[in-house]
Amino acid sequence: MPLKLGLCTMIYLDYATLEDAIERTAKFGYQGIDIWADSPHLDPLSRDKAYRKEIKKQCRDQGLEIVALSVNGGGLARRYNFSYCKDWVRKETVDYYKRCVDLAADIGCPAINMVSGHMMAGTNFEQAWQWNREGMSEVAKHAEKCRVTLALHTLAPSESRVIVTLDDSLKMMKEITSKSCRLMIDTADQNITDPHLSDSVRKVAKHLVYVHISDNSGSGEGLVHNVPGKGTINWRMFIRVLKEVGYNGYLTAQLNCGVPIDPDAWVWETYEYMSRLIQEPKR
């Protein structure tokens, strides 16, 4: 089965409503959609079941598979953080993730990503790790009941000092010990934290359930999620190794930049570039 292309609606947060983002995603030829799980797109804190049904139907009518929810976390969120030193923040974080799981189940979405958050001043690593394991384990139990997969997502050092490398995510997955917890690759992070991307893919292959794609220079700017081919990642080799290890899921473009851009241009350029590479014969 060939690799498929998806798009995360994060690229349109400042530019288009969720309904408009869905239409644009389909228009540009993507097969799957990854919905931003927070306002102003699909807020898990809102319990509007009718709206969820409308979004699910719109995606189906547009021929789009809902492949994941992207949580509001990392450098884009300070409100949700498994590593925070105050108990009420950690409890709110667990509640947010559980609601994301419920939202995913309601709209027929198989997975959400899960990130560690940033470590606060005065907190040592061991304590931050313990808080993460406790909170994530609680979310994992809920995800098992809802039959939703949690894809552990690393963060660049500019966003976190807890789950940073794929070795970190492997360790956390083993400590959580839940069948609902697996791993994902986000090339924007891995190009910084696990630069030998080929071996990184092989290392996590049997636990890999999802992939976010974007490019950067590999120099540490964790919030730059550029168009593939506009950074230092060797995309031909990356795709070759994914096929080698038997990954046949989605490559979902999660594009973002800290300055105004033309989102349609980035979305279209990504689709054209990655489509050509996926269809290239093995050399």
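The values are calculated or read from the model by the stated rules, or taken from the named source; none is laboratory data. What you see is a predicted model, and the numbers here were worked out from it, not measured in a lab. Cβ atoms come from the backbone with ideal geometry, glycine included; neighbour counts cover every protein chain shown. These area figures cover heavy atoms from the full protein model, side chains too; ligands, DNA and RNA do not enter into them. Shrake-Rupley method; radii C 1.70, N 1.55, O 1.52, S 1.80 Å.
Counting only protein heavy atoms and using a 1.4 Å probe, what share of the accessible area of the stretch 130-212 belongs to carbon plus sulfur, as a whole percent?
Carbon with sulfur: 47 percent of the solvent-accessible area.
In the neighborhood of Met173, defined by Cβ-to-Cβ distances under 13 Å, what is the net charge if each Lys or Arg adds +1 and each Asp or Glu adds -1?
In short, +4.
Return the calculated 222 nm mean residue ellipticity for the chain, to the nearest 500 deg cm²/dmol, obtained by summing -39500 (n - 2.57) across DSSP H runs with n ≥ 4 and dividing by the residue count.
Result for the chain, helices only: -13000 deg cm²/dmol.
Quote the charge dipole size of the chain about the Cα centre in Debye, to the nearest 20; the model charges only the Cβ of Lys and Arg (+1) and of Asp and Glu (-1).
So the magnitude is around 960 debye.
Rounded to the nearest 0.05, what FRET efficiency do Glu244 and Thr17 have when you use their Cβ-Cβ distance and R0 = 35 Å?
For R0 = 35 Å, the calculated efficiency reads 0.30.
Rg to Rh for the stretch 62-148: what is it, with Cα atoms only and Rh by Kirkwood?
1.02
Of the DSSP beta bridges with both residues in the chain, give the percent that are antiparallel, rounding to the nearest 5.
Numbers: 2 of 30 bridges.
So the antiparallel bridges amount to about 5 percent of the total.
If I take all pairs of Cα atoms in the stretch 124-222, what percentage of them are more than 22 Å from each other?
Of all Cα-Cα distances in the stretch 124-222, 29 percent exceed 22 Å.
So for each of 42-51, 91-100 I average, over its residues, the number of other beta carbons within 10 Å; can you give me the resulting order with the highest mean first?
Packing order, densest peptide first, comes out as 91-100, 42-51.
Using C-alpha positions alone, give me the convex hull volume of the chain per residue in cubic angstrom.
118 Å³
Roughly how many nanometres apart are two label points built 7 Å out from the Cα toward the Cβ at Thr177 and Ser39?
4.0 nm
Keeping every protein chain present and rolling a 1.4 Å probe, give me the accessible area per residue for the chain in Å².
Here the per-residue accessible area is 43 Å².
Ranked from highest to lowest mean number of other Cβ atoms within 10 Å per residue, what is the order of the peptides 107-119, 244-256, 14-26? Don't skip to the end; give the middle numbers.
Working: 107-119: 23.5, 244-256: 19.8, 14-26: 17.7.
Top to bottom by mean Cβ count within 10 Å: 107-119, 244-256, 14-26.
Run the numbers on the stretch 55-104 and let me know its relative contact order in percent, using alpha-carbon pairs under 8 Å that are six or more apart.
Across the stretch 55-104, relative contact order equals 27 percent.
Ranked by accessible surface with a 1.4 Å probe, highest first, in what order do Phe28, Phe238, Phe125 come? Intermediate values should be presented prior to the final figure.
Working: Phe28 30, Phe238 5, Phe125 80 Å².
Sorted by accessible area, descending: Phe125, Phe28, Phe238.
Could you grab the relative contact order for the chain? Cα pairs under 8 Å, six or more apart, rounded to a whole percent. Working shown, then result.
Numbers: 554 pairs, mean separation 52.7, N = 283.
In percent, rounded to a whole number, it is 19.
In µm²/s, what is D for the stretch 155-283 at 25 °C and 0.890 mPa s, where D = kT/(6 pi eta Rh) by Stokes-Einstein and Rh is the Kirkwood radius from Cα pairs?
D = 161 µm²/s.
Let me have the relative contact order for the stretch 170-283, percent, based on Cα pairs under 8 Å that are six or more residues apart.
Contact order relative to length: 24 percent.
Pop out the ³J(HN,Hα) list for the stretch 245-257 in order, Karplus 6.51 cos²θ - 1.76 cosθ + 1.60 with θ = phi - 60°, rounded to Hz; leave Gly and Pro as x.
The phi angles translate into 8, x, 6, 9, x, 8, 9, 9, 6, 10, 9, 6, 8 Hz.
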